Amino acid sequence: MGPRVPLPPEIQLAQRLAGNEQVTRDRAVKRLRKYIVARTQRAAGGFTHDELLKVWKGLFYCMWMQDKALLQEELGRTISQLIHAFQTTEAQHLFLQTFWQTMNREWTGIDRLRLDKFYMLMRMVLNESLKALKMQGWEERQAERLLELLTTEILHPDSQAPSGVKSHFLEIFLEELSKVGATELTADQNLKFIEPFCTIAAQTKDSLVLHNITRGVFETIVEQAPFAIEDLMNELEAPEEEEGTPEDEREEDVPSKEPRRGSLHGAAPDKSEEPAGDGEDSMGPVLQFDYEAVASRLFAAASQQDTPSQNRKRLYKVIRKLQDLAEGEHLAPGPRPFSWACTGSRGHPHGLTGLRRRGSVWGRGGPRGSALALAQCCGCQPCTCARAPGACDALLAPRARRPENLHF
């Protein structure tokens, strides 16, 4: 009998990842991370598609074998963060592609008692993939590649994704994008992220996919509109304490500042500074959109001749809601009365009757390129805001130019 041929490292790791003993699995995960770093650092290194499929099969059953919710969460976080161990974007892309292919292949074999931890794993992997994109500065080409991957493997009619994978992805995509990029992404960038959903919603023949895209993406955007405005309002109402402060003093003060709501550092805001009664009404970070541009893009997709009539009918309802938002209507999340006064640089209040609406009103501002034009307040200096100069323009609807008609 000849000498025994050793198995490839990927198969050895996959076998240990799926082992019965937790200690064996934990060690295998640590070794896998080191192996990924070492292999992708080499000039001729990298993984093949089949090799990563073997690795993901081991990781899948590593999660399968894990009991106890806290340990499952810890393992899910460790597995999802393996994407950062890859030293090239090509390898990261292949790692994500094989993950979604593995989930598609194994999904029908997951029993109902294990569904929750794999829902969590999908959420964590999506979150880390967006963080990897953020570390690359939201580069347009890399964003397009990620969206193309997700569309091909999950939403495309020819994909092998089961309905459960599609539905969960559409439910969590906007939420995870908000967590990672709400404080940085501009309205134009956010439009790029939802463009594939416009195309799929117009072309799909799957009524469940159409419903989930409409509900999970477009109607969510509509529902979050008042909170997006509230984010801008909060910054407008904040006193301009740093005006006139030397640049070096500002830099020294930065570490002592409380992280903004929805900060990725995970620090909880000071509860003493939170307004009373926020409770369930409070939300995390919210993406900013140019609702008129979203409506136009969705209309362009829905008005094609080959769009199924039921798709067109459903999407036109959403388009009308987006157009109403672009005109400043239907912004009230509740009966709370709102009295607005725009404070110019001279420190005196001016009513909304002194404001003029100009340009597109649903962009982000500051150094990220606002779509908002500066508003003049009764001849005083323009309103300023770190996120959106002239955000008070967004509050001025054509049919509600009086402060008493605005309810937030």
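So that you can scan it fast, the table gives a plain yes or no per residue for (1) in a loop (DSSP other than H, G, I, E, B); (2) at positive phi; (3) open to solvent by 40 Å² or more (accessible area, probe 1.4 Å):
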position	(1), (2), (3)
Arg4	yes, no, yes
Gly19	yes, no, no
Val23	no, no, yes
Arg33	no, no, yes
Phe47	yes, no, no
Phe60	no, no, no
Glu74	no, no, yes
Pick from Glu230, Glu223: which is under 19 Å from Ala326 (Cβ atoms), in a helix (DSSP H, G or I) and without any contact (Cβ under 8 Å) to a residue 24 or more places away in the chain?
Glu223
What's the number of the only condition in (1) open to solvent by 10 Å² or more (accessible area, probe 1.4 Å); (2) closer than 12 Å to Leu52 by Cβ that Asn104 fails to meet?
(2)
State whether the residues of the range 234-250 include one that is modelled with pLDDT of 90 or more, more than 14 Å from Leu298 (Cα to Cα) and of a type in the set (Lys, Arg).
no
Which of the residues spanning the range 140-169 are part of a loop (DSSP other than H, G, I, E, B) and loosely packed, with under 13 Cβ neighbours inside 10 Å?
Pro157, Asp158
When you check Thr40 against the structure, is it under 17 Å from Phe99 (Cβ atoms), open to solvent by less than 50 Å² (accessible area, probe 1.4 Å) and polar (S, T, N, Q), yes or no?
yes
Any residue that is polar (S, T, N, Q), out of contact with any strand residue (DSSP E or B) (no Cβ under 7 Å at 6 or more places or on another chain) and more than 25 Å from Leu155 (Cβ to Cβ) - is there at least one of those in the range 95-117?
no
Considering only residues that are in a helix (DSSP H, G or I) and among the hydroxyl-bearing types (Ser, Thr, Tyr), look in the range 79-101 and name the one that is surrounded by the fewest Cβ atoms within 10 Å (Cβ to Cβ).
Thr89
Being in contact (Cβ under 8 Å) with a residue 24 or more places away in the chain and under 31 Å from the mean Cα position of the chain (by Cα) is the filter here; which residues of the range 1-42 pass it?
Leu17, Val29, Leu32, Arg33, Tyr35, Ile36, Val37, Thr40, Gln41
Could you list, in sequence order, the residues of the range 83-93 that are among the aliphatic types (A, V, I, L, M) and out of contact with any helix residue (DSSP H, G or I) (no Cβ under 6 Å at 6 or more places or on another chain)?
none
Across the range 308-323, what is the number of residues that are surrounded by fewer than 16 Cβ atoms within 10 Å (Cβ to Cβ) and of a type in the set (S, T, N, Q)?
2
For the subset of the range 35-45 comprising residues that are in a loop (DSSP other than H, G, I, E, B) and either out of contact with any Lys or Arg (no Cβ under 6 Å at 6 or more places or on another chain) or of a type in the set (Lys, Arg) (or both), which member is modelled with the highest pLDDT?
Arg42
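The values are calculated or read from the model by the stated rules, or taken from the named source; none is laboratory data. On a predicted model such as this, the values are computed, not experimentally measured, just so you know. Because the Cβ atoms are built from the backbone with ideal geometry, glycine has one as well, and the counts that use them run over all protein chains shown. We work out accessible area using only protein heavy atoms, side chains counted, and drop any ligands, DNA or RNA first. Shrake-Rupley method; radii C 1.70, N 1.55, O 1.52, S 1.80 Å.
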